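Working notes, structure below.
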Amino acid sequence: MTASAASERSARSEPPVGLLALDKPEGITSHGCVGAVRRVMGTRKVGHAGTLDPMATGVLLVGVGRATRLLGHLALHDKDYSATIRLGATTVTDDREGDVLTVADPSRLAAVSDDEIRDAILPLTGEIDQVPTAISAIKVDGKRAHARVRAGEEVDLKARRVTVERFDVTGIRRGDGWIDLDVDVTCSTGTYVRALARDLGADLGVGGHLTALRRTRVGAWSVDRCASWEQLTEGADPRALLIPLDDVARRSFPTVGVDADGATWVRNGRPVRELLVEPVEEVTAVLGPEGGLLALVGPSKRGGTYLAVFVP
C-alpha cells in the first residue's frame, strides 16, 4: 500500500465531522434527510437545524459528529424564503397538503385588489406577535403539535414575538376561485411563513394557505452553495461535502483568536472572562493559533460563558 493510499484509508476510518449544507428536495422530511446522511456517512451522530416540512425545499443545515453542537446556534440566524400563497381557501395545515376547511365567496375574492393585498401585508411586517401554525414541531404536553393535528386533535398555541424584516410580493396571478401571490420573506427564527399566509388570508377575509415554500438562506448559508440530494446519495465521496468546523465558525459567528496558552486555557475550562480582553456580547467563536475552532462562547453576567468546547 502506498503512503497516500494509507493516509486516505486512515482518514476514512476517522468518524466524519462537519456541516452539510443540503438543498432538501420536496417529498422527504427533515428527519428523513438525517437518516440518509447517517447511512452515507456511516455514523449515528447526525442532526439538523431548523425543520423543513416535506412540501418545502431548500437550505437544511445538517451537522455530523461534533458539528451537531453548533446546530442550536446556527438555527437562531435569520432566514430567507421564497413562497407562493394562495388566497381563497384555508386548510387544516395552512398549506396545500391539508384538508380544505373554508372556501371564499367568489364575489368577495374577486373584489380583492392588488393594493388591498399589499396594504394587508404591512401589519405583518416588523416585530409582530404570531401564533405558530398548528402543524408545527412545537411540543404540546410532550407531543408535537403536528402529530396532534394529524390525529384529529385541536391545538391551541400561544403567540410568539417574531420579526419579519421583508415580506415582498413579486407576482400576482388570478384564476377561477383563487389568487396566487409569489412572495419573498426575510424573517427571524421561529417565524412560520405558513402562518403569514394564514393571517394574510384572514385579514383579507378570503382565507389563505401556502402552495410552495423554498428556504433560500439560513444565516451565511445560501441555497446556491448547498449540496444537492444527488450529490449526497449518489456521489462517490459524500464526506467531501462536509464543511470543516473552523470554516463554519468563520462564516457564521464573530471570531476571536487566542495563542497556545489561550488554547490550553480553553482546554482546561478556565473562565472566559480571563481568557478574552473584552466581555462577550454575542455568540463568538474562539479560534486557536492555527485557526482551528476551540469553542463557542456567549454573553453572561460574568463576562462570558462556554457554550460548546471542541478540544479534548
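Where a number appears in this text, it was derived from the coordinates with a stated rule and is not lab data. Quantities reported herein were computed from a predicted structural model and do not represent experimental measurements. Backbone-built Cβ (ideal geometry, glycine too); neighbour counts: all protein chains shown.
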Taking 64-75, 110-121, 190-201 and ranking on average Cβ neighbours within 10 Å, highest first, one gets 190-201, 64-75, 110-121
Matching label for the computed Rg/Rh (Cα atoms, Kirkwood Rh), out of (1) 0.94; (2) 1.05; (3) 0.98, is (2)
Residue-ordered couplings for the range 210-220, obtained by feeding phi - 60° into the Karplus form 6.51 cos²θ - 1.76 cosθ + 1.60 and rounding to whole Hz (Gly and Pro as x), are 8, 10, 7, 8, 9, 8, 9, 7, 10, x, 7
Dipole check, the chain, charges on Cβ (K,R +1; D,E -1), about Cα centroid: among GLY207, PRO244, PRO132 the Cα furthest to the positive pole belongs to PRO244
Summing -39500 (n - 2.57) over every DSSP H run of at least 4 in the chain, dividing by its residue total and rounding to the nearest 500, the 222 nm mean residue ellipticity is -7000 deg cm²/dmol
In order over the range 38-45: 3J(HN,Hα) from phi, Karplus 6.51/-1.76/1.60, θ = phi - 60°, whole Hz, x for each Gly or Pro, gives 4, 5, 6, 8, x, 8, 8, 7
Among ALA159, ALA67, ILE121, the residue whose Cα sits farthest towards the positive end of the charge dipole of the chain (+1 at Cβ of Lys and Arg, -1 at Cβ of Asp and Glu, taken about the Cα centre) is ALA67
Given 299-310, 178-189, the highest-first ranking by average Cβ count within 10 Å works out to 178-189, 299-310
Nearest 10, in degrees from 0 to 90: the angle of helix 193-204 to the longest Cα principal axis of the chain is 20 degrees
Going fewest to most other Cβ atoms within 10 Å around each Cβ, TRP265, TRP229, TRP221 line up as TRP229, TRP265, TRP221
With +1 on the Cβ of every Lys and Arg and -1 on the Cβ of every Asp and Glu, the dipole magnitude of the chain about its Cα centre, in debye rounded to the nearest 20, is 1340 debye
Measuring from the longest principal axis of the C-alpha atoms of the chain, the long axis of helix 3-13 (C-alpha) lies at a number of degrees, nearest 10, equal to 50 degrees
Computed D for the range 253-309, Stokes-Einstein, Kirkwood radius over alpha-carbon pairs, 20 °C, 1.002 mPa s, to the nearest µm² per second, is 198 µm²/s
Whole-Hz Karplus couplings 3J(HN,Hα) for the range 270-275, θ = phi - 60° and coefficients 6.51, -1.76, 1.60, Gly and Pro as x, run 5, x, 5, 4, 9, 8
For the range 201-312, the Debye formula with one identical point scatterer on each Cα and no solvent gives log10 I(q)/I(0) at q = 0.19, 0.22 Å⁻¹ as -0.95, -1.14
Flagged as over-length at 25 Å C-alpha distance, from LYS45/LYS158; LYS79/LYS301; LYS24/LYS79, the pairs are LYS45/LYS158; LYS79/LYS301
Between THR133 and residues 5 or more places away or on another chain, the pairs with built amide H atoms under 5 Å apart involve ALA195
